[in-house]
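Working notes for the structure below.
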Amino acid sequence: MTYVLNRLLSVILTLFLITLVTFAVTNILPGDVAMMIMGTQSNPEALAGLRESLGLNDPLLVQYGHWVGGMISGDWGNSLIFKKPIFELLAQKAAASAIIVAMSMIIALALAVPLGVWAAVHRDKWQDTVSSTSALMGVSLPDFFWGILMILVFARWLGWFPSSGFVDPAENFLGTLRHAFLPSLALGLGLMAHLTRMTRSTMTGILNQEFIRVARAKGLAERTVIWRYALANAIGPVITIAGLQIGYLFGSIIVMESLFGYTGMGWLTYQALLNRDLPLIQSTVFVIAAVVMLTNLAVDLLYVVIDPRIRLG
Amino acid sequence: MKDIVSVDHLRVEFATGDGPVVGVQDVSFTIAPGETLCVVGESGSGKSVTSLSLMRLVEFGGGTITQGALTFMRADGTTLDVTAASSQVMGQVRGNEIGMIFQEPMTALNPVFTIERQLTDGLMLHKGLTQEAASARALDLLKSVRIPEPERRLRQYPHELSGGMRQRVVIAMAMACEPKLLIADEPTTALDVTIQAEILALINRLKRENGMAVLFITHDMAVVAQMADRVVVMYHGRIVETGTVEQIFENPQENYTKALLAAVPKLGEMKGKAAPERMRLIGDEAARAAQTAPKSRKPEVLLQVKNLTTRFPVKGGILRRTVAQVHAVEDVSFTLNVGETLALVGESGCGKSSCGRSILRLIEPTSGEVWIGGRDIGALNHHDLRRARADMQMVFQDPFASLNPYRRLKAQVAEPIQNFGLASGTDLEARVVQLFDRVRLPREFMTRFPHELSGGQRQRAAIARALAVNPKLIVADEAVSALDVSVQAQVLNLMMELQEDLGLSYLFISHDMAVVERIAHHVGVMYLGRIVEIGPRAAVFDNPQHPYTQSLLSAVPIADPRKRRFADDLAFKPITSPIFPLSYQPAKSTYTEIAPGHLVLNA
């Protein structure tokens with residue numbers, strides 16, 4: 001219980017630091033929000049008026065207070081380019097991206113764990129070489145290359161999946177999944193490499209442990225030994241690495257969603273950066289940081305469930 | 001009676017990058033029901049490969065049975081050709097008709113499953129029991145291996161149990177399906193001596209009650225003497241000699257067996273002898289005869305330890321504050337004379353290593369004084385302490401870990417000399433050559449790396465490194481514990497020879513009472529951070545007064561099959577925790593002198 005409390009406290013502290021950093025960074029960035037809204041040719045008096053009404057003339061601390069207060073109450077301000085409340089915009093796009101992130105993680109784990117186990121069981125044999133070579137290929141080729149390849153193979157040649165676009169999950173959830181599949185697969189292949197290597201190395205270590213020999217000496221079937229006894233011990237570090245990859249994924253979806261015309265967080269971030277939509281950038285960065293933190297918290301808590309040694313430690 | 005196991009000309013090979021390597025060859029023996037057969041040998045002798053072959057587990061380690069027959073009499077009376085059996089049949093035999101116990105209780109249990117799950121899965125698999133029936137049987141098993149609070153243990157995870165309890169669980173697991181053959185591969189090597197005694201007694205009782213046969217693998221001749229009906233001696237993958245335990249110990253035929261037995265110290269053999277004696281080594285009689293009578297030195301104090309106390313903080317809570325303390329070393333005082341050996345003995349966690357390290361200030365003691373050659377070590381500043389370290393060196397247990405794998409031995413032995421600026425250029429070269437000669441390492445080893453040496457050779461190199469700065473005191477922390485018995489004897493003799501020639505003083509930290517009896521001048525017995533009894537070696541061994549010393553000595557296996565001590569169940573008092581709350585004020589250590597220099601801690 002103290003462990004969970006400790007983790008929660010550290011999450012709250014980190015979230016606070018994140019608000020400080022995002023606020024500071026967007027304030028340090030050159031450029032003036034008011035000028036961005038009204039354009040460079042605008043009337044200086046109107047500009048000053050807008051500045052005043054946006055609170056840009058207040059001391060930084062007051063501005064920060066307003067911003068954090070707004071964040072907490074759900075008033076995240078309006079996007080300059082979409083002319084819509086940011087909160088609403090982000091909620092919608094984040095849901096779309098969550099589908100891609102989750103799907104690519106599932107694909108990566110579903111491929112990496114069996115492949116890594118397979119390599120560990122047949123260590124230093126041809127299976128190992130096949131596994132590490134394919135994992136290496138996954139990681140050495142950039143995501144967008146996989147994306148292009150997916151579009152070519154599955155959309156152009158086979159026609160199984162749409163090559164581009166997004167469907168609102170509220171209208172047609174299956175359609176959303178179909179649109180999300182190819183970008184997820186492309187991302188998953190890139191993720192898979194690290195996870196395969198991690199699975200292989202932890203499994204190799206576990207398979208050399210005495211309790212594996214004991215399990216075999218008990219007469220348990222080899223598949224029980226590997227998939228129950230060994231994997232239960234090896235999966236923890238793999239999940240930790242998977243959790244850390246969530247951050248990397250949010251970086252990758254910027255390219256991937258734009259490539260597939262999938263209008264999620266990644267696409268939104270790209271648009272915000274391109275158009276210097278400062279309020280939107282601020283909120284997006286905050287949301288991404290928070291999501292990465294919370295998923296890592298979830299992973300750590302999951303670890304407690306998997307490994308009984310942590311509960312007491 | 002028909003043999004339960006018969007092994008005939010077994011040969012096992014391992015595939016390596018450089019072609020097949022023979023693990024064992026031409027190994028033949030039989031085991032009768034109700035019999036204990038001990039397979040004894042030093043590391044690399046092939047004893048574990050033999051036992052793993054019987055279960056066909058050797059194939060998981062890359063081994064292949066290339067020749068010979070392995071016959072096992074199954075429960076239904078049919079004989080099974082183990083080499084040809086399918087993996088399904090082997091699955092039925094493993095854990096069901098043959099049980100196995102392994103060396104490392106700390107790693108033999110799956111850390112993420114409960115004890116109950118690990119005890120019941122075999123039962124459900126082999127005996128077709130329901131979950132409830134299997135759980136009930138698991139509870140009975142834990143009771144039969146005499147685990148305290150068995151109901152609670154079922155729901156616990158391995159890390160919540162002590163080493164001794166874990167090994168009992170492993171034994172319960174092996175016994176679960178009432179196998180006809182129990183294979184025990186070094187089952188007590190990793191355990192403290194009192195727990196070893198309990199486990200050996202437990203195996204003996206279970207064997208007697210169930211009439212099963214036991215194949216007992218060990219490197220420890222004293223354990224063999226205590227456990228075996230018959231003995232197989234192995235060396236380099238072959239059987240050297242086979243016989244009843246009395247034949248092997250009293251009338252060994254082969255030179256290897258003789259040498260092996262000679263090198264084993266027997267507890268009690270030093271009775272009535274005042275001075276330490278070199279270890280027996282066959283072919284070394286000349287050297288021992290040449291050994292001059294121990295020089296009678298005028299006692300001159302080298303090391304004086306006064307009220308040494310070392311505590312480690314236990315951190316807890318959100319702010320990681322110190323919430324309790326481990327009282328590792330608690331009010332310890334003793335003196336060590338020039339040219340003598342003081343042995344600190346005790347079981348794991350008793351504080352003997354922390355004591356040695358506190359003396360050298362490798363860990364900072366909490367309080368107390370340490371004087372070496374009239375210098376107060378505790379009062380030295382960082383710079384002077386560095387200088388003072390030339391007088392006090394340390395030899396660690398695992399020479400492979402204490403030597404740098406990336407540097408040649410020459411550089412590692414020369415390093416302390418250079419650090420202290422004692423020699424350079426050709427002088428340094430000459431000094432290193434001299435050190436290699438001194439520890440009897442061939443000079444061509446100077447350019448080798450640690451991995452190119454055997455364990456004993458590595459420990460010699462570690463000793464050479466410690467000697468490089470002409471120390472007066474060497475703290476040897478389990479320095480020979482990881483070595484095979486014949487190598488151990490050689491290294492001990494080297495240490496004793498160096499002591500005689502150079503007047504070295506040793507603080508010899510060890511758990512091995514038989515070795516200590518042979519080589520120490522004085523002995524201090526440690527328990528929960530305190531010295532509970534200290535005195536001349538003969539006084540402590542021949543007339544132990546503290547209850548802990550007595551139980552420790554009663555638990556040591558004796559390398560003599562006619563002095564068996566582990567027939568009935570044994571239950572030694574478990575060692576309590578040395579962790580106390582911050583407010584705890586321990587009493588001072590006060591002693592009663594029952595004979596000159598022989599002190600016993602007051603209760």
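Test B:Met165 against the criterion of being more than 13 Å from chain A (Cβ to nearest Cβ), assigned to a helix (DSSP H, G or I) and either surrounded by fewer than 19 Cβ atoms within 10 Å (Cβ to Cβ) or out of contact with any Ser or Thr (no Cβ under 9 Å at 6 or more places or on another chain) (or both), and give yes or no. Answer is yes for this residue. For B:Asp18, all conditions in the list (1) charged (D, E, K, R); (2) at pLDDT 90 or above; (3) surrounded by fewer than 21 Cβ atoms within 10 Å (Cβ to Cβ) hold save one; what is the number of the exception? Result: B:Asp18 fails condition (2) only. The numbered conditions (1) in contact with a Ser or Thr (Cβ under 8 Å, 6 or more places away or on another chain); (2) crowded, with 17+ Cβ neighbours inside 10 Å; (3) more than 10 Å from chain A (Cβ to nearest Cβ); (4) closer than 30 Å to B:Pro33 by Cβ are all true for B:Leu154 except (4). Here no strands (runs of 3 or more DSSP E) wholly within region B:498-603 include at least 1 residues being within 20 Å of the chain's Cα centre (by Cα) and not assigned by TED's automatic domain parsing to the domain that holds B:Gln397. Answer yes or no: is there a residue in region A:178-187 that is open to solvent by less than 10 Å² (accessible area, probe 1.4 Å) and either within 14 Å of chain B (Cβ to nearest Cβ) or among the hydroxyl-bearing types (Ser, Thr, Tyr) (or both). Checked against the condition, which is being open to solvent by less than 10 Å² (accessible area, probe 1.4 Å) and either within 14 Å of chain B (Cβ to nearest Cβ) or among the hydroxyl-bearing types (Ser, Thr, Tyr) (or both), region A:178-187 yields at least one hit. Spot the failing condition for A:Tyr248; the list is (1) within 18 Å of the chain's Cα centre (by Cα); (2) open to solvent by less than 40 Å² (accessible area, probe 1.4 Å); (3) in contact (Cβ under 8 Å) with a residue 24 or more places away in the chain, and only one is missed. Status for A:Tyr248: all satisfied but (2).
Tally up the residues in region B:396-416 that are among the aliphatic types (A, V, I, L, M) and either open to solvent by 20 Å² or more (accessible area, probe 1.4 Å) or not assigned by TED's automatic domain parsing to the domain that holds B:Leu467 (or both), please. Break it down into steps so the answer makes sense when it comes.
The first filter runs over region B:396-416 and keeps only residues among the aliphatic types (A, V, I, L, M), leaving B:401, B:403, B:409, B:411, B:413-414.
Next, only the ones that are either open to solvent by 20 Å² or more (accessible area, probe 1.4 Å) or not assigned by TED's automatic domain parsing to the domain that holds B:Leu467 (or both) stay: B:401, B:411.
Count: 2.
Entry remark, region B:88-112: residues being facing another protein chain (nearest Cβ under 7 Å), open to solvent by less than 40 Å² (accessible area, probe 1.4 Å) and over 30 Å from B:His219 (Cβ atoms) number 2 in total. May I ask you to verify whether B:Gln131 is touching a residue at least 60 places away in the same chain (Cβ under 8 Å), open to solvent by 10 Å² or more (accessible area, probe 1.4 Å) and either more than 14 Å from chain A (Cβ to nearest Cβ) or over 14 Å from B:Ala176 (Cβ atoms) (or both)? In short, no. Scanning region B:478-504 for residues that are buried (at least 20 other Cβ atoms within 10 Å of the Cβ) and acidic (Asp, Glu) returns a single hit, B:Asp484. Restricting attention to region B:364-395, report how many residues are under 18 Å from B:Ile474 (Cα atoms) and crowded, with 20+ Cβ neighbours inside 10 Å. Matching residues across region B:364-395 total 8. When restricted to residues that are among the aliphatic types (A, V, I, L, M), open to solvent by 60 Å² or more (accessible area, probe 1.4 Å) and touching a residue at least 12 places away in the same chain (Cβ under 8 Å), region A:107-136 contains 2.
Scan region A:172-194 and tell me whether some residue there is of a type in the set (Phe, Trp, Tyr) and closer than 26 Å to A:Gly261 by Cβ. Please lay out each step first, then the result.
Filtering region A:172-194 for residues of a type in the set (Phe, Trp, Tyr) gives A:173, A:181.
Going one step further and asking which of them are closer than 26 Å to A:Gly261 by Cβ, we end up with A:173, A:181.
Yes, region A:172-194 contains a residue that is of a type in the set (Phe, Trp, Tyr) and closer than 26 Å to A:Gly261 by Cβ.
For (1) part of a helix (DSSP H, G or I); (2) in the same structural domain as B:Asp220 (by TED's automatic domain parsing); (3) in contact (Cβ under 8 Å) with a residue 60 or more places away in the chain; (4) within 21 Å of B:Val264 (Cβ to Cβ), each residue gets a yes or a no:
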| position | (1), (2), (3), (4) |
| --- | --- |
| B:Gln459 | yes, no, yes, yes |
| B:Ala464 | yes, no, no, no |
| B:Pro471 | no, no, yes, no |
| B:Ala476 | no, no, yes, yes |
| B:Ala479 | no, no, yes, yes |
| B:Leu483 | no, no, no, yes |
| B:Leu492 | yes, no, yes, yes |
| B:Met495 | yes, no, no, yes |
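Taken as a whole, the structure places A:Ala298 among residues that are surrounded by fewer than 19 Cβ atoms within 10 Å (Cβ to Cβ), among the hydrophobic types (A, V, I, L, M, F, W, C) and assigned by TED's automatic domain parsing to the domain that holds A:Thr196. If you take the residues of region A:233-245 that are within 14 Å of chain B (Cβ to nearest Cβ) and open to solvent by 30 Å² or more (accessible area, probe 1.4 Å), which of them is nearest to A:Met105 (Cα to Cα)? Filtering region A:233-245 for residues that are within 14 Å of chain B (Cβ to nearest Cβ) and open to solvent by 30 Å² or more (accessible area, probe 1.4 Å), the one nearest to A:Met105 (Cα to Cα) comes out as A:Ile239. Which residue, of A:Leu274, A:Leu280, A:Leu301, A:Leu294, is more than 14 Å from chain B (Cβ to nearest Cβ) and free of Cβ contacts under 8 Å to residues at least 12 places away in the same chain? Answer to the selection: A:Leu274. How about region A:65-93: which of its residues are among the aromatic types (Phe, Trp, Tyr), closer than 18 Å to A:Thr22 by Cβ and either open to solvent by less than 60 Å² (accessible area, probe 1.4 Å) or in a loop (DSSP other than H, G, I, E, B) (or both)? Hits for region A:65-93 are A:Trp67, A:Trp76. Of all residues in region A:40-64, those satisfying the criterion of being in a helix (DSSP H, G or I), closer than 21 Å to A:Val21 by Cβ and out of contact with any helix residue (DSSP H, G or I) (no Cβ under 6 Å at 6 or more places or on another chain) are A:Leu60, A:Leu61, A:Val62, A:Gln63. Just to be sure, is B:Glu246 outside the structural domain of B:Tyr506 (by TED's automatic domain parsing) and either at pLDDT below 90 or farther than 30 Å from B:Ala567 by Cα (or both)? In short, no.
Going by the structure shown, is A:Thr204 within 14 Å of another protein chain (Cβ to nearest Cβ) and open to solvent by 10 Å² or more (accessible area, probe 1.4 Å)? Answer is yes for this residue.
Screening A:Gly219 against (1) over 19 Å from B:Ser86 (Cβ atoms); (2) within 14 Å of chain B (Cβ to nearest Cβ); (3) buried (at least 19 other Cβ atoms within 10 Å of the Cβ) leaves a single unmet condition, (1). B:Leu142 meets all of the listed conditions (1) over 28 Å from B:Thr50 (Cβ atoms); (2) open to solvent by less than 10 Å² (accessible area, probe 1.4 Å); (3) within 13 Å of chain A (Cβ to nearest Cβ) but one, namely (3). Residues considered: B:Ile31, B:Ile4. Of these, the only one that is more than 24 Å from B:Leu260 (Cβ to Cβ) and in contact with a Leu (Cβ under 7 Å, 6 or more places away or on another chain) is B:Ile4. Selection of strands (runs of 3 or more DSSP E) fully inside region B:312-428 by the criterion of at least 2 residues being among the acidic types (Asp, Glu) returns B:321-337. Just one of the numbered conditions (1) more than 30 Å from B:Ala464 (Cβ to Cβ); (2) modelled with pLDDT of 95 or more is not true of B:Gly524: (1). Of the conditions (1) within 14 Å of chain B (Cβ to nearest Cβ); (2) closer than 30 Å to A:Val255 by Cβ, A:Asn172 fails just one. Which one is it? Unmet condition: (1).
The values are calculated or read from the model by the stated rules, or taken from the named source; none is laboratory data. Every value quoted in this text rests on a predicted model; they were computed, and no experiment measured them. We place every Cβ from the backbone using ideal geometry, glycine too, and count neighbours over all the protein chains shown. When the accessible area is computed, the model is the full protein with side chains, heavy atoms only, and any ligands, DNA or RNA have been set aside. Shrake-Rupley method; radii C 1.70, N 1.55, O 1.52, S 1.80 Å.
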